[in-house]
């Protein structure tokens, strides 16, 4: 089987494709709206985080460091929470 | 994808105007879909990937150079999206046995044998690595010019010819004594 015969066999074996039959813009708009909503949620979360007082962040950092240094203390922390 | 939109529209798109994006979407959706469906061979998947392509286009608007061809840019992104899909999607080739014993049927008029031949060819084709399958689809089945494929895949024309040759060689080996 030469290359030409292989091409013909491929064309017979792989079904032909059709052109686009509907407008995809409404679907695109839904995707844009969904991403915009997700983006606004993320911005709101960031702004609420930035509104937290500095000592809350310091306390959280100390907690993370403590857990990393003394992982066996995790059950104690969980008990007190 | 050679229809050139007005330069002003391209500048508006690059500046992030949604109305300009909509105009470009409406003008190019059919061509982007047509390009993708030729690669993935499935209309529903092609629709989803067309949306994904335009989503990437929308996100990358600030990086678009209005002096460039929007169609060529869209085709490159569409090719990458389709290729990503082929890498993840598993082709339905469970029943394929790589080297089934088979009579020489290339010129057999028996419809059952011809159907079996087409089926084996299709499954062998779906087993090609995605990078080769894209090139083989566009070069062998769709008969697109090598230069166009090279531009869409960010390859040289020589690399396209090389991949086409490798795809043919792999197909022949998978089809065993049929080829």
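Going by the structure shown, is residue B:173 surrounded by fewer than 16 Cβ atoms within 10 Å (Cβ to Cβ), at pLDDT 90 or above and away from chain A (no Cβ under 11 Å)? So residue B:173 fails the test.
Can you tell me which residue within the stretch B:41-55, out of those that are surrounded by 15 or more Cβ atoms within 10 Å (Cβ to Cβ) and more than 9 Å from chain A (Cβ to nearest Cβ), is nearest to residue B:6 (Cα to Cα)? Selected residue: B:53. In the stretch B:86-101, the count of residues that are surrounded by 17 or more Cβ atoms within 10 Å (Cβ to Cβ), in a helix (DSSP H, G or I) and modelled with pLDDT of 85 or more is one or more.
Kindly establish whether residue A:76 is modelled with pLDDT of 80 or more, part of a helix (DSSP H, G or I) and either more than 8 Å from chain B (Cβ to nearest Cβ) or surrounded by 10 or more Cβ atoms within 10 Å (Cβ to Cβ) (or both). Yes: the conditions hold for residue A:76.
A quick yes/no check of all residues on (1) farther than 30 Å from residue B:129 by Cα; (2) out of contact with any helix residue (DSSP H, G or I) (no Cβ under 8 Å at 6 or more places or on another chain); (3) in a loop (DSSP other than H, G, I, E, B); (4) in contact (Cβ under 8 Å) with a residue 12 or more places away in the chain:
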{"position": "B:10", "(1), (2), (3), (4)": "yes, no, no, yes"}
{"position": "B:13", "(1), (2), (3), (4)": "yes, no, no, yes"}
{"position": "B:16", "(1), (2), (3), (4)": "yes, no, yes, yes"}
{"position": "B:20", "(1), (2), (3), (4)": "yes, no, no, no"}
{"position": "B:23", "(1), (2), (3), (4)": "yes, no, no, yes"}
{"position": "B:27", "(1), (2), (3), (4)": "yes, yes, no, yes"}
{"position": "B:30", "(1), (2), (3), (4)": "no, yes, no, no"}
{"position": "B:33", "(1), (2), (3), (4)": "no, no, no, yes"}
{"position": "B:37", "(1), (2), (3), (4)": "no, no, no, no"}
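The values are calculated or read from the model by the stated rules, or taken from the named source; none is laboratory data. Not measured: the values here are computed from a predicted model. No Cβ is skipped: glycine too gets one built from the backbone with ideal geometry, and neighbour counts run over all protein chains shown.
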